[in-house]
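Reading through the structure tokens given below for one structure.
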Amino acid sequence: MKKIQLPKMIDHFRKEKGWTMKELGQKMGKAESTVSLWISGKRSPMVDDFDKLVTLFETDSDTLMYGANTSSNLLSETIETMKRLEEPRQESVLKFAKVQLDRQNFDNSKLVNMKHFTREKRKPKYTAVETIERVSAGFGFHYGENEKEIYYTLRTDLPKFDFATVVVGDSMEPLLHDGDVILIRQSYDVPQGGIYVVDYDETSWVKEVTLEDDVLILHSINEKYRDRFLPVPAEDGEYWSIVGEVVDWFTPEMV
């Protein structure tokens with residue numbers, strides 16, 4: 001059985017054409033964020049959008065859906081890159097890949113159902129998630145008055161979590177986007193490259209966190225941001241604590 005490669009093939013053909021995600025969105029009549037969700041595998045294009053992508057990319061539906069030789073080349077490049085990473089970063093990549101696989105399996109089930117798609121209006125079933133405060137994926141977000149908001153998602157596969165909050169900023173792009181809802185579990189292992197929420201200097205951060213010797217490293221995926229280094233234990237006059245591990249996230253639906 002062929003494996004669906006739609007997210008990777010959209011990105012492959014986009015780059016082949018020399019288009020940015022914004023430019024592809026303009027050609028499709030979609031927002032840049034929608035294209036980003038297609039490429040990340042968080043959402044799949046509808047039937048009409050899929051057909052338009054086939055025409056724009058000058059390919060066929062089978063190649064766009066299942067890929068060609070580019071998939072094997074991408075796999076080889078990924079393996080070679082992994083070999084050059086240190087073990088903690090390999091573990092981080094593996095963890096991210098497993099999350100993407102879970103989401104791909106979920107999206108694949110939706111794509112199969114698209115064969116039986118009709119244009120009958122159906123009322124979608126949303127999952128409501130209550131969030132508290134916000135966390136920074138930028139220069140830091142200061143706590144307010146413990147404000148709570150409700151966000152909605154069409155996903156039905158959310159894992160167990162202790163609380164949810166909202167991302168502010170772009171330092172964790174392309175993994176986490178401004179406005180995404182992240183799900184946090186307060187029980188966690190020693191940080192070794194996973195995504196965590198950290199309180200520091202009355203500010204809440206979401207970062208990739210690694211513990212090396214006597215230093216806690218807060219790493220931003222977006223290269224325009226510098227890493228932060230926190231001493232272990234905290235120095236006099238300073239305070240920091242790990243709030244919990246980010247176990248999943250989603251882009252809220254407009255209801």
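Computed values, structure above
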| read-out | value |
| --- | --- |
| Dipole magnitude of the stretch 127-250 about its Cα centre (Cβ charges: Lys, Arg +1; Asp, Glu -1), debye to nearest 20 | 420 debye |
| Amide H within-cut-off set for residue 163, under 5 Å, with H built and near neighbours excluded | 184 |
| Amide hydrogen neighbours beyond the local backbone of residue 249, cut-off 5 Å, H modeled | 183 |
| Sequence ranges 168-180, 210-222, ranked by mean other-Cβ count within 10 angstrom, highest first | 168-180, 210-222 |
| Shape box of the stretch 127-250 [Cα atoms, principal axes, largest first, Å] | 43, 29, 28 |
| Residue 20 paired with residue 192, simple spin-label distance in nm, labels 7 Å along Cα-to-beta-carbon | 3.9 nm |
| Low-density loop positions, trypsin sites (Lys or Arg not before Pro), the stretch 146-255 - DSSP coil, at most 12 other Cβ in 10 Å | 160, 224, 226 |
| ³J(HN,Hα), Karplus 6.51/-1.76/1.60, whole Hz, each residue of the stretch 81-88, x for Gly, Pro | 5, 4, 4, 8, 7, 6, 4, x |
| Given 98/125; 42/207; 52/224; 3/98; 27/95; 95/207, the pairs whose alpha carbons are separated by over 23 Å | 98/125; 52/224; 27/95 |
| Spin-label pair residue 28/residue 224, simplified geometry with 7 Å Cα→Cβ offset, distance in nm | 2.3 nm |
| Integer Hz, Karplus 6.51/-1.76/1.60 couplings in order for the stretch 197-210, x for Gly and Pro | 9, 10, 8, 8, 6, 6, 10, 9, 10, 10, 8, 7, 10, 9 |
| Label-point gap, in nm, between residue 101 and residue 77 - each point 7 angstrom along Cα→Cβ | 2.2 nm |
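Read-outs: derived from the displayed coordinates by stated rules, not from any lab. Source: prediction; values computed, not measured. Using ideal geometry, Cβ is built from the backbone for each residue, glycine included, and neighbour counts are taken over all protein chains shown.
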